[in-house]
Each structure stands twice: as C-alpha cells, then as structure tokens.
1. I need Glu190, Glu79 ordered by Cβ neighbour count within 10 Å, fewest first.
2. Using only the Cα atoms, work out Rg/Rh for the stretch 140-192, with Rh taken as the Kirkwood radius, to two decimals.
3. Can you pull the one-decimal nm distance between simple spin-label points at Glu105 and Asp49, each 7 Å off the Cα toward Cβ?
4. What spacing in nm lies between the two simple spin-label points modelled at Glu132 and Ser153, each 7 Å away from Cα in the Cβ direction?
5. From the phi angles alone, apply the Karplus equation (6.51, -1.76, 1.60; θ = phi - 60°) to the stretch 157-173 and give each ³J(HN,Hα) in whole Hz, x where the residue is Gly or Pro.
6. Would you list Trp195, Trp89 from fewest to most Cβ contacts within 10 Å?
7. For a quick check: sort His148, His165, His122 by the number of other beta carbons within 10 angstrom, fewest at the front.
8. Can you list the lysines whose alpha carbon is less than 26 Å from that of Lys205, not counting same-chain residues fewer than 8 positions off?
Amino acid sequence: MKKHLGVILLALSLTVGLTGCTGGVNGEGDSDYSYNIGTPIVRGNAFNDQGWSYIEKGQYDSSIAQFNKVLNDNPTDDEKAEANNGIGWAKAKLGQLKDGMPWFEKAKDLSNDAKVGLAGAHLQLASRSDMERVIDLLYKQLGGEDAHFKYVSRRNNGVSDAEAHAMLAYAYAATGQDELAREQLDYAKELSPVWDGTTLDQIGKVVEFLMQ
C-alpha cells in the first residue's frame with residue numbers, strides 16, 4: 001500500500017454523502033432468514049413500503065417501527081429481508097453506515113442493497129481488512145467478478161451504480177491495487193452524467209491521492 005491506511009479517514013465523511021444523516025429515535029429489529037431475489041413481497045408489502053416512505057421523508061424512527069411490524073408478524077423470507085435491509089438503511093441515515101451493519105449482515109446474502117450498505121460501512125471502519133471486505137462484497141458478491149457490474153437499487157437508498165463503482169475504486173486504491181482502482185474510477189466517471197463538485201468527485205480525488 002503506497003499510503004498509510006489512516007489516510008482513508010480523510011474520506012470517511014464522503015461515504016455519509018451516499019446516505020445523508022439526521023437525528024431521530026432508534027428502533028430495533030431481529031430475525032434469521034434466507035430468501036430468493038425476485039420473490040414478490042406479499043403480506044408485508046404495505047409495511048415495508050410505508051417504512052421506505054418514511055425514510056424518504058427523513059422520519060427514520062417511524063420507518064424502523066414499520067419494518068418491525070413486518071418482523072413481528074410471521075413474515076415471509078422476502079419480507080424479513082426487506083425489513084432488515086430497511087432497518088439497516090434507517091439506522092445508517094440516523095447516524096453512520098456502520099450503525100446499520102447488524103441488519104445489513106442479515107440481508108446481505110441475497111440483498112444487493114444490503115451488500116452496498118455493508119460495503120459503505122466497512123469503508124467507514126477503514127482498516128485494511130475492511131477494504132478487503134468491500135472488494136469481496138462489491139466485486140465478488142454483488143458483481144459476480146464482473147468489473148462492469150450493474151447495480152440498480154431495489155429501494156431508494158440513495159446509492160447509484162456510479163457510486164458503487166467509486167466505492168470499489170476506493171477500496172482497491174486503499175489496498176494498493178492501483179490498476180484496478182483506476183479501472184473502477186474511470187468506469188464510475190463513464191456512468192455519471194455529473195461529476196465535478198459531487199460526492200463522486202470527492203471520492204475520486206481521494207482515490208487519486210491514494211494512488212500517488
């Protein structure tokens with residue numbers, strides 16, 4: 001690694017730009033599950049939809065209450081996944097991405113949104129092992145080892161395809177894999193119609209710094 005990993009602290013606040021943050025009252029949710037992507041949401045659809053509606057309004061404590069209704073009412077596996085992922089993003093937006101980690105972990109196996117949230121959380125934690133986990137989550141698990149994977153969020157979590165690739169570029173640069181970092185950063189630029197002055201631009205500058 002060309003730069004001490006502590007330099008990543010310069011960019012930790014940038015990952016918050018992927019989610020935003022505000023104050024609120026925390027809620028709790030817990031479950032174990034497995035599910036298949038694409039399974040229609042049936043019984044918990046209304047509560048999960050309402051939960052995301054509250055997230056979009058910045059009412060994160062209320063959103064958590066809705067997701068907990070799903071978890072407490074004999075949900076299907078897909079409903080559990082949606083609810084746990086929703087709690088993860090609500091917790092992240094209440095504070096930092098790392099605050100949603102326990103819920104992202106529950107949803108990550110088949111939830112792409114949870115993979116991205118968990119990757120962002122590991123970026124904030126900033127150790128080398130965290131950066132390696134980001135690479136595993138985004139490149140291997142989400143992307144299927146396709147460098148030009150396509151990320152489309154199932155819910156409006158505020159993370160774009162370009163931002164997912166910029167996050168991966170960040171992790172590659174932090175672990176000294178400059179060629180791969182450059183490839184991801186260039187691809188993120190191709191995907192984004194606007195770059196200058198954005199969170200993507202800021203992440204890009206840190207990536208460039210790490211590669212010096």
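Please treat every number below as a calculation from the coordinates, not as lab data. Please read all numbers here as calculations on a predicted model, not as lab measurements. Because the Cβ atoms are built from the backbone with ideal geometry, glycine has one as well, and the counts that use them run over all protein chains shown.
1. Working: Glu190 10, Glu79 25.
Fewest to most other Cβ atoms nearby, the residues stand as Glu190, Glu79.
2. On the way: Rg = 10.8 Å, Rh = 11.2 Å.
Ratio of gyration radius to Kirkwood radius: 0.97.
3. Using points 7 Å along Cα→Cβ, the separation is 3.3 nm.
4. 3.0
5. 8, x, 10, 8, 4, 4, 5, 4, 6, 5, 4, 5, 4, 4, 5, 4, 5
6. Working: Trp195 14, Trp89 31.
Final ranking by Cβ density, sparse to dense: Trp195, Trp89.
7. Working: His148 12, His165 29, His122 26.
Placing the least packed residue first, the sequence is His148, His122, His165.
8. Excluding near neighbours in sequence, the set is Lys2, Lys3, Lys93, Lys98, Lys115, Lys140, Lys150, Lys189.
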